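Here's the structure we're looking at; comments come further down.
The values are calculated or read from the model by the stated rules, or taken from the named source; none is laboratory data. Predicted model only: the values in this text are computed from it and were never measured. Glycine gets a Cβ as well: all are built from the backbone with ideal geometry, and neighbour counts include every protein chain shown. Note: areas computed on protein heavy atoms with side chains; ligands, DNA, RNA excluded. Shrake-Rupley method; radii C 1.70, N 1.55, O 1.52, S 1.80 Å.
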Amino acid sequence: DKTKFVEILSVKREVAFGKSRLDFAIELNVDGENKTLFIEVKGVTLEENGYVRFPDAPTERGIKHINGLMDAVNNGYKAAVFFVIQMEDVISFSPNYDTQPRFGQALKNAEAAGVKILAYSCKVTPDSLEIDKLVPVTL
């Protein structure tokens with residue numbers, strides 16, 4: 001189905017949901033119906049030959065956040081993980097199975113549960129970081 005009208009009603013930071021504290025809760029009006037979208041943002045800096053991965057070190061907290069997003073979806077909310085790749089000209093994003101296979105599996109489970117997985121590269125200057133291009137995600 002195609003959405004005809006989306007209005008952002010509010011944006012809240014550091015929102016508690018279940019056992020997690022998620023980065024954002026965005027209240028939306030979508031075609032006359034109010035919905036909540038939870039978003040967790042992760043910064044990505046690990047790159048090799050144009051391929052970027054997350055995490056660069058084990059992160060139990062990251063797994064907890066992913067599980068929180070799955071809980072949100074299971075309770076009727078919308079949810080997304082937004083990977084901000086802090087560089088330009090990358091080929092694709094994937095979980096870092098070498099560093100933490102459990103994070104990669106949590107991300108696969110989240111996608112299967114309905115959590116949207118997004119990765120964007122950035123234009124980088126000495127004074128700024130600007131979201132630029134959607135990057136393919138390989139789980």
Given the conditions (1) out of contact with any strand residue (DSSP E or B) (no Cβ under 7 Å at 6 or more places or on another chain); (2) under 14 Å from ALA119 (Cβ atoms), every one holds for GLY18 apart from (2)
Requiring at least 3 residues that are farther than 21 Å from LYS108 by Cα and out of contact with any helix residue (DSSP H, G or I) (no Cβ under 6 Å at 6 or more places or on another chain), the strands (runs of 3 or more DSSP E) wholly within the stretch 1-74 are 6-17, 20-30, 33-44
Next item on the list: Return a yes/no flag: does the stretch 87-98 have any residue that is of a type in the set (Val, Ile, Thr), open to solvent by less than 60 Å² (accessible area, probe 1.4 Å), within 15 Å of the chain's Cα centre (by Cα) and modelled with pLDDT of 95 or more.
Entry: no
### Query
Does LEU37 meet the test of being open to solvent by 30 Å² or more (accessible area, probe 1.4 Å), among the hydrophobic types (A, V, I, L, M, F, W, C) and under 30 Å from LYS4 (Cα atoms)?
yes
ILE66: passes all of (1) open to solvent by 10 Å² or more (accessible area, probe 1.4 Å); (2) of a type outside the set (Phe, Trp, Tyr); (3) out of contact with any Asp or Glu (no Cβ under 6 Å at 6 or more places or on another chain) but (1)
Filtering the stretch 99-117 down to residues that are farther than 24 Å from ILE131 by Cβ and either open to solvent by 30 Å² or more (accessible area, probe 1.4 Å) or in contact with a Cys (Cβ under 6 Å, 6 or more places away or on another chain) (or both) yields THR99, PRO101, ARG102, GLN105, LYS108, ASN109, ALA112, ALA113
